[in-house]
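All remarks here apply to the structure that follows.
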Amino acid sequence: MRFSRLQKYIFSFITVFLLLFCRRDEQTAWDVKILAPLAKTSLTLHNLIADSLHRTNADGTISLVYHSRLAEATIDSSLALPDTSNQANIKLNTLTLDPVTVSNTITLSQLVAMVPDSDLLQWAIEMGLSVPIPPFGPIVQDSIPFDFGSYFQTMTVSDATVDITVHNHFPFPFTNVEFSIRNQGNDSLIFQQTIPVIPANDSVLISAHTGHKTIESRLYASTSISSPGTSTPVQLNPSWYISSTVSIHDVKIESAIAKFPPQMVIYNADENAYDLEGIQFHHIIFQKGKIRIEVYNTLPSPLHYIYTIPSATVHGIPFRVEGVVPAASGGHAYHSTNECDMTGYDLDLRGIGPIERMQNKDLNNNGYFDPDTINTFYNEVSADITQTTPLIPLSLNDSIYIRGEFLGMVPLYGEGFLGKDTLVIHETATFSNFLSGISVEHFELDSVNLLLVINNYIGAEGAVKIDQLTAWNTRTGQSATLAGYPAGAMININKPAKPFSPNDSVIPAQTMVEIKTGLCNIEKLLEIIPDKFECRFTVFINSGVAPPPPGKGTDFIYYGKGIRVEMAASVPLSFLARKLQLCDTVPVDVEQLDISSVSGQRFHVIAENKFPLTASVQLYIADSTGTICDSLITGAGKINAGIPDEMSERVLKPVKSIIPIDLTEDKIEKMTKKRHLIIKAVFDTSPVDKKIKIFDGDNLSVILSGNFNYRIH
């Protein structure tokens with residue numbers, strides 16, 4: 001069985017009484033005087049402030065400490081790359097054919113047959129005689145056919161090179177050797193050349209350009225040759241001959257119906273620039289995004305394309321996408337789409353220059369390696385055809401259409417020059433933990449030290465202006481706005497150190513701004529016991545900083561990072577207060593009290609006050625939920641203030657106050673049923689115009705003590 005404290009007192013008294021008076025009388029009853037504590041509490045700073053929000057100073061005084069985030073904003077909009085596209089209708093750069101070669105041979109017998117009155121020479125050949133060769137010529141040979149039908153049907157060229165090699169296996173020279181090549185269809189001249197002399201047993205190579213011509217597959221050649229003959233007899237040999245080889249190569253085709261060999265027909269290099277309004281990026285890393293490549297093939301041949309961005313790499317490998325687009329059919333282009341994920345790609349935005357220097361090649365043929373630029377990347381498109389069978393028509397006017405779209409490109413990291421941007425931060429921050437348990441009618445602080453901590457995660461110098469700092473108490477509707485330094489002041493902020501790698505976290509550069517009593521009205525903001533702070537800051541990025549040369553900027557930014565402003569407050573508990581309330585809920589130890597046996601009820605509130613504050617106290621009967629049903633004290637319930645020591649300003653000894661209470665049986669019954677008391681103390685500084693200090697250990701001890709008669713039968 002569990003006994004209440006009051007029952008224990010009664011039981012002890014009865015035991016003593018029985019030991020002294022052992023004779024029993026059934027008709028006798030006694031009234032016993034009982035003094036017992038029913039409830040007690042000690043009201044301290046902990047009833048106002050959480051342990052984490054106060055600090056004991058070296059001299060024993062208490063300071064409130066509070067750290068909270070005030071506002072935060074990023075400049076992710078500066079990192080945002082707009083969806084962009086570039087498209088081009090790219091004509092065929094070149095069309096080539098494999099070199100084609102034909103040969104023709106004239107033997108001694110064929111040559112003699114073309115010489116007038118050559119019967120004697122024919123007989124001499126048959127007899128194997130030695131005779132002098134008389135001069136002859138010019139001998140004309142017409143309509144020597146050349147058929148290129150297995151290579152092409154017709155072609156229009158801007159130029160081609162024709163090589164003619166003549167091997168003279170006769171023991172005498174040939175002179176004034178003329179060659180001409182014509183189309184069989186329209187007899188148009190393709191090529192004409194004269195060789196002044198071809199020495200005996202020697203060869204001669206001549207080359208010439210055709211210029212702009214349309215060449216048919218069926219050609220014919222004409223030759224004219226002369227010779228001074230020989231001055232002495234020579235033995236005629238039927239194996240003597242003269243041969244000519246005609247080779248057409250380096251054909252620059254404008255259009256043709258031909259069997260084309262495998263070849264690159266398109267190569268296009270281009271630079272693409274982002275317009276970022278003053279921001280100069282030379283390097284970014286993507287955290288997400290994709291590129292969509294669309295290709296339309298108008299050629300009657302399958303097309304293999306390659307799209308590359310040499311300056312976009314992941315794990316050192318450049319971005320590359322390739323595909324095959326089927327041949328156009330029925331006059332309609334064939335369409336192919338390819339999408340690639342750009343997550344993790346590192347993009348160099350200095351343009352073509354770094355690629356030229358890396359490859360040691362003038363990629364845009366402007367005669368020099370281009371200097372670095374900004375916000376620009378270089379890409380290449382190439383396309384080739386495979387061996388075409390059968391003959392197909394192609395022209396330099398033929399083209400492919402290619403479109404590249406950069407969609408949803410979100411950088412993780414950017415480097416360069418962040419421009420001269422302005423960022424406005426306007427936010428209302430919750431301040432609910434700061435003195436949230438305090439109820440006070442008037443409150444004045446002696447001093448306040450507050451630090452604004454500006455954390456700069458942006459890799460750029462700048463400045464911050466405090467446009468507004470307003471404290472709000474939403475419970476009372478009160479507000480107070482900061483006036484005086486640093487309101488309106490420009491505060492320079494430093495640039496954080498650049499991480500060793502974009503994969504490393506940035507450590508912010510911190511700027512501390514002290515806001516304290518004497519320079520501004522900061523104490524007024526805290527005296528209203530705020531639960532919200534409305535703040536407005538203007539951040540000036542790269543204020544007073546000149547843009548660097550293109551590609552040389554050292555600013556950097558991480559996605560999701562920006563400026564974070566925090567507040568750290570230190571408030572010594574030295575104040576004036578009027579109607580400052582402290583409350584506590586305590587259990588009542590009367591649960592087994594027999595109310596019918598109690599008479600002459602009288603209770604006392606015994607208070608010992610170590611606070612240098614006067615107080616009035618009230619006790620409310622309440623249930624476990626805090627619902628009040630009655631009060632115990634009638635009148636002021638005054639408690640005297642503790643008296644501070646003149647030297648230390650500290651209350652060394654508590655001051656005791658006793659408040660008598662007369663309780664009815666109804667109130668005792670309510671206490672028994674509800675089982676809880678709410679003890680509320682309302683404090684005022686004394687004297688009212690003098691700020692007092694609170695020390696560690698200051699408290700108000702309150703005891704509810706019962707003093708009544710308990711009848712024992």
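Observations on the structure shown:
- When we screen Ser657, Ser705, Ser624 for residues that are in the same structural domain as Thr585 (by TED's automatic domain parsing), farther than 20 Å from Glu441 by Cβ and at pLDDT 90 or above, the only hit is Ser657.
- Matching residues, region 488-523, being under 30 Å from Gly553 (Cα atoms) and basic (Lys, Arg): Lys495, Lys498
- Among residues of region 227-272 being buried (at least 16 other Cβ atoms within 10 Å of the Cβ) and touching a helix residue (DSSP H, G or I) at 6+ places or on another chain (Cβ under 8 Å), the one that is nearest to Lys91 (Cα to Cα) is Ile242.
- Qualifying residue in region 246-266 (condition: of a type in the set (Phe, Trp, Tyr) and touching a residue at least 60 places away in the same chain (Cβ under 8 Å)): yes
- Test result for Gly518, in contact with a strand residue (DSSP E or B) (Cβ under 8 Å, 6 or more places away or on another chain), small (Gly, Ala, Ser) and either at pLDDT 90 or above or outside the structural domain of Thr44 (by TED's automatic domain parsing) (or both): no
- All positions within region 331-372 that are over 21 Å from His315 (Cα atoms) and either in contact with a Lys or Arg (Cβ under 6 Å, 6 or more places away or on another chain) or assigned to a strand (DSSP E or B) (or both): His332, Tyr334, His335, Ser336, Thr337, Asn338, Phe369, Asp372
- Within region 187-196, the set of residues being exposed (fewer than 15 other Cβ atoms within 10 Å of the Cβ) and touching a residue at least 24 places away in the same chain (Cβ under 8 Å) comprises Ser188, Gln193.
- For region 71-120, a tally of residues being small (Gly, Ala, Ser), surrounded by 14 or more Cβ atoms within 10 Å (Cβ to Cβ) and outside any strand (DSSP E or B) returns 3.
- Yes/no for Asn176 being surrounded by 17 or more Cβ atoms within 10 Å (Cβ to Cβ) and not hydrophobic (A, V, I, L, M, F, W, C): no
- The set of residues from region 373-420 being closer than 30 Å to Arg350 by Cβ, of a type outside the set (Val, Ile, Thr) and in a loop (DSSP other than H, G, I, E, B) comprises Asn375, Leu418, Gly419, Lys420.
- Filter pass, Thr298 being more than 33 Å from the chain's Cα centre (by Cα), among the polar types (S, T, N, Q) and closer than 30 Å to Gly330 by Cα: yes
- Candidate set: region 459-487, residues that are farther than 30 Å from Tyr558 by Cβ and of a type in the set (Gly, Ala, Ser); chosen: the one surrounded by the fewest Cβ atoms within 10 Å (Cβ to Cβ): Gly477
- Residues of region 489-547 that are among the aromatic types (Phe, Trp, Tyr) and either buried (at least 16 other Cβ atoms within 10 Å of the Cβ) or touching a residue at least 12 places away in the same chain (Cβ under 8 Å) (or both): Phe533, Phe537, Phe540.
- Where strands (runs of 3 or more DSSP E) fall entirely within region 600-713, those with at least 2 residues that are within 19 Å of Ser42 (Cα to Cα) and in contact with a Leu (Cβ under 6 Å, 6 or more places away or on another chain) are at 676-685, 699-712.
- Residue pairs whose Cβ atoms lie under 9 Å apart, separated by 6 or more positions or on different chains, with the first residue in region 290-317 and at pLDDT 90 or above and the second among the aromatic types (Phe, Trp, Tyr) and not in a strand (DSSP E or B), are Ile309/Tyr345; Ala312/Tyr345; Thr313/Tyr345; Val314/Tyr345.
The rows are residues; the columns are (1) within 22 Å of Val424 (Cβ to Cβ); (2) polar (S, T, N, Q).
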position: Thr470; (1), (2): yes, yes
position: Ala483; (1), (2): yes, no
position: Pro499; (1), (2): no, no
position: Asp504; (1), (2): no, no
position: Asn521; (1), (2): no, yes
position: Lys524; (1), (2): no, no
position: Glu527; (1), (2): no, no
position: Pro530; (1), (2): no, no
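- Condition check for Gly323: modelled with pLDDT under 90 and in the same structural domain as Ile400 (by TED's automatic domain parsing): no
- Output for region 148-205, where each listed residue is of a type in the set (Ser, Thr, Tyr) and in a strand (DSSP E or B): Thr154, Thr156, Ser158, Thr161, Thr165, Thr175, Ser180, Thr194, Ser203
This table checks each residue for (1) farther than 30 Å from Leu97 by Cα; (2) among the aromatic types (Phe, Trp, Tyr); (3) free of Cβ contacts under 8 Å to residues at least 12 places away in the same chain.
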site: Asn365; (1), (2), (3): no, no, yes
site: Phe369; (1), (2), (3): yes, yes, no
site: Ile374; (1), (2), (3): yes, no, no
site: Tyr378; (1), (2), (3): yes, yes, no
site: Ser382; (1), (2), (3): no, no, no
site: Ile385; (1), (2), (3): no, no, no
site: Asn397; (1), (2), (3): no, no, no
site: Tyr413; (1), (2), (3): yes, yes, no
site: Ile425; (1), (2), (3): yes, no, no
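- Qualifying residue in region 51-65 (condition: at pLDDT below 80 and either exposed (fewer than 13 other Cβ atoms within 10 Å of the Cβ) or under 30 Å from Gly289 (Cα atoms) (or both)): yes
- Strands (runs of 3 or more DSSP E) enclosed by region 440-545 - at least 1 residues per element that are under 30 Å from Arg578 (Cβ atoms): 442-445, 449-456, 462-473, 478-481, 509-516, 532-541
- Candidates in region 331-377 are the residues that are under 16 Å from Pro550 (Cα atoms) and among the small types (Gly, Ala, Ser); of these, the one that is surrounded by the most Cβ atoms within 10 Å (Cβ to Cβ) is Gly351.
The values are calculated or read from the model by the stated rules, or taken from the named source; none is laboratory data. Keep in mind that what you see is a predicted model, and the values were worked out from it rather than measured. Note: ideal-geometry Cβ built from the backbone for every residue, glycine included; neighbour counts use all protein chains shown.
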